[in-house]
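Below is one structure; the comments refer to it alone.
The values are calculated or read from the model by the stated rules, or taken from the named source; none is laboratory data. Keep in mind that what you see is a predicted model, and the values were worked out from it rather than measured. When we count neighbours, we look across all protein chains shown, and the Cβ atoms used for this are built from the backbone with ideal geometry, even at glycine.
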Amino acid sequence: MLENSEFETSIPSVSRQFQGQKLTLLDRLRHWPNYEQSRDERSAEISRWKAEVINRADRGDPRRVLFIHGQLPGETGSGVYMQQIVKESIRRGIDMYVLSAGYHLLDETDINGVPGDRIYTCLFTRTGEMPVAGAVKTPISGMSVVMPYPVLAYRDRTEDELLDWLTVFGGRIAELVRRLQPDVIHVDHLWFLNGLARLIAPWVPLVASAHGTAYKLIVDAPRFRGLMVPCVSSADHVCAISPESVQECREMFEIPAERISIEGYGYEPDLFNYRPVDRQKVLKDTLQIDFDSRYLAVTVGKFVDWKGFKEFTAAVGHLRQRGFDITGIVVGEGDPASRTDLEAFIKSEELTDYVLLPGKVDRTALPDIYRAADVYVLPSHVEPYGLVLMEALACGTPAVSGNVGGPPSYVPQTLRDEGLAILVDPINLTSGGEALPDERAAYALSLADGMQSILARNFGPAERARIAEAMKPLSWSRLVDSLAKIYDRLLADVLTNGEGRMLDGSWRR
């Protein structure tokens, strides 16, 4: 890894002078491409890249893609997305490499199914630790203010801390672009890494995945919008996860509609599938819970208010009042304050014995937990996608969700028609995204009604197998097929019509 002090001298594209003025990366992101070198000034880099790409194609080598992820792998929905896209792409013959944030040098144990020689790390430093050479001096920043691991929120970064983050990660990207000469760069999230990739190699086709969380970060900290839009809006293609995220891409990030497609997520059919399980054994072995209720409701996620775990708790309370012997389990974790807040709410509802918080489990343990449940509940106030709901349905578990965000775009209509998956009216939020007490109460009742409808029918193996079968077209393989076509189309466009992508000799898209 290059030392921080080496970035500017060995990779001039990371920072530069303009008319005698030293520009920071923040200046260049905010005003892209006004201060950038012209195509003529970077012609040697472009020619080398084009020659490498054409030579690989002439040899019949597979497409080469650099996938960039700014969070810990596998810890969130987008982390799972990265892991599965990279793993499935490699399995399908795409020559894919991944650069991810980490607190140690990542390897195949961190990104399951991806060989260690395809994994690169941008190192970050935990609070209280001394930074190693070449690492960002501060913790990782998550794409949510609350994350299931130590973070420093973007909104809380000083300008110096942000510049250090950008310089180190930018240098790492530049190093790999120079070494790998990728056909395409694919960046996870509409955020700073898109801008860095565009600054470093504006001639390389840029694909971005929009998970819906960047929109929330800008609502939380509007000062970032001016830094994001110029470069992010130049992405050659954006893979949105739902119709709502398409709207956010267009309105917040000013991305033209013709550059956006709804691609969604996927699931691993070899992991998430239906088979009967021994509920008591599963809960004892995986969660150390001795279970003796008749019904089990499960939800999974990090402890943040918009995930709706308080409304899930209240829904369990309503069902118990209606005579259902039910226990709810929230699998996941959050920061200590979020856990304490949720525990206090559960106690206030007098449900300490009936809504349990066993903590986070390894992802490979989730299928049996889903299979053990009578109903899976996705109680989120807003939900960019809801991967856990897709996984639960793939395991044959009937489910209830708010009719908002991702679920309406992928829950099969056949399951809705048969009452095997119920989408209830979503919670009404204020313009600032706040859930008021009366709306929370109404939403909890709607969730309880949906759960009751499923529990009252006592679905058996035949219905569960039918749920799992209906989800089979939504595997990760389907998504990688679509991505491969996007990569091929964009590269062909650049190689055959590269000059058409310029406006008055600049890099504008």
Unique residue being of a type in the set (S, T, N, Q) and modelled with pLDDT under 90 when the list is Asn55, Asn4: Asn4
Top-ranked residue in region 327-353 [being closer than 28 Å to Arg457 by Cβ and of a type in the set (A, V, I, L, M); ranked as surrounded by the fewest Cβ atoms within 10 Å (Cβ to Cβ)]: Leu351
Go through Ala456, Ala448, Ala484 for me and flag whichever is out of contact with any strand residue (DSSP E or B) (no Cβ under 7 Å at 6 or more places or on another chain), more than 14 Å from Asp374 (Cα to Cα) and either among the small types (Gly, Ala, Ser) or surrounded by fewer than 18 Cβ atoms within 10 Å (Cβ to Cβ) (or both). Ala484
If I filter region 108-116 for residues that are hydroxyl-bearing (Ser, Thr, Tyr) and either in contact with a strand residue (DSSP E or B) (Cβ under 8 Å, 6 or more places away or on another chain) or crowded, with 22+ Cβ neighbours inside 10 Å (or both), do I get at least one hit? no
Within region 253-267, of all residues that are outside any helix (DSSP H, G or I) and over 16 Å from the mean Cα position of the chain (by Cα), the one surrounded by the most Cβ atoms within 10 Å (Cβ to Cβ) is Ile255
Could you tell me whether any residue of region 71-93 is aromatic (Phe, Trp, Tyr), in a helix (DSSP H, G or I) and either closer than 20 Å to Ile241 by Cα or not assigned by TED's automatic domain parsing to the domain that holds Trp165 (or both)? yes
Would you mention how many residues in region 394-417 are at pLDDT 95 or above, part of a loop (DSSP other than H, G, I, E, B) and of a type outside the set (S, T, N, Q)? 5
Out of Ala365, Ala399, Ala337, Ala344, which single residue is in contact with a strand residue (DSSP E or B) (Cβ under 6 Å, 6 or more places away or on another chain) and of a type outside the set (Asp, Glu)? Ala399
Of (1) without any contact (Cβ under 8 Å) to a residue 24 or more places away in the chain; (2) closer than 26 Å to Ile467 by Cα, Val316 fails just (1)
Out of Phe303, Phe272, Phe324, Phe312, I need the residue that is in a loop (DSSP other than H, G, I, E, B), modelled with pLDDT of 95 or more, buried (at least 17 other Cβ atoms within 10 Å of the Cβ) and in the same structural domain as Thr397 (by TED's automatic domain parsing). Which one? Phe324
Do you know which residues across region 117-137 are surrounded by fewer than 15 Cβ atoms within 10 Å (Cβ to Cβ) and not in a loop (DSSP other than H, G, I, E, B)? Asp117
Would you please name the residue that is surrounded by the most Cβ atoms within 10 Å (Cβ to Cβ), looking only at residues in region 354-365 that are under 30 Å from Ile111 (Cβ atoms) and β-branched (Val, Ile, Thr)? Val361
Return a yes/no flag: does region 469-491 have any residue that is more than 15 Å from Phe312 (Cβ to Cβ), in a helix (DSSP H, G or I), free of Cβ contacts under 8 Å to residues at least 40 places away in the same chain and not charged (D, E, K, R). yes
From the list Asp335, Asp285, pick out the single residue that is modelled with pLDDT of 95 or more and either more than 22 Å from Glu439 (Cβ to Cβ) or among the hydroxyl-bearing types (Ser, Thr, Tyr) (or both). Asp285
Go through region 381-402 residue by residue and tally those that are under 20 Å from the mean Cα position of the chain (by Cα) and on the phi > 0 side of the Ramachandran plot. 1
Does region 160-177 contain at least one residue that is assigned to a loop (DSSP other than H, G, I, E, B), modelled with pLDDT of 95 or more and either buried (at least 24 other Cβ atoms within 10 Å of the Cβ) or charged (D, E, K, R) (or both)? no
Pairs, please: C-beta under 9 Å, at least 6 apart or cross-chain, first residue polar (S, T, N, Q) and in region 413-439, second assigned to a loop (DSSP other than H, G, I, E, B)? Thr414/Leu420; Asn428/Ala435; Asn428/Leu436; Thr430/Leu436
Given (1) in a helix (DSSP H, G or I); (2) among the polar types (S, T, N, Q); (3) in contact (Cβ under 8 Å) with a residue 40 or more places away in the chain, number of the condition Gln280 does not satisfy: (3)
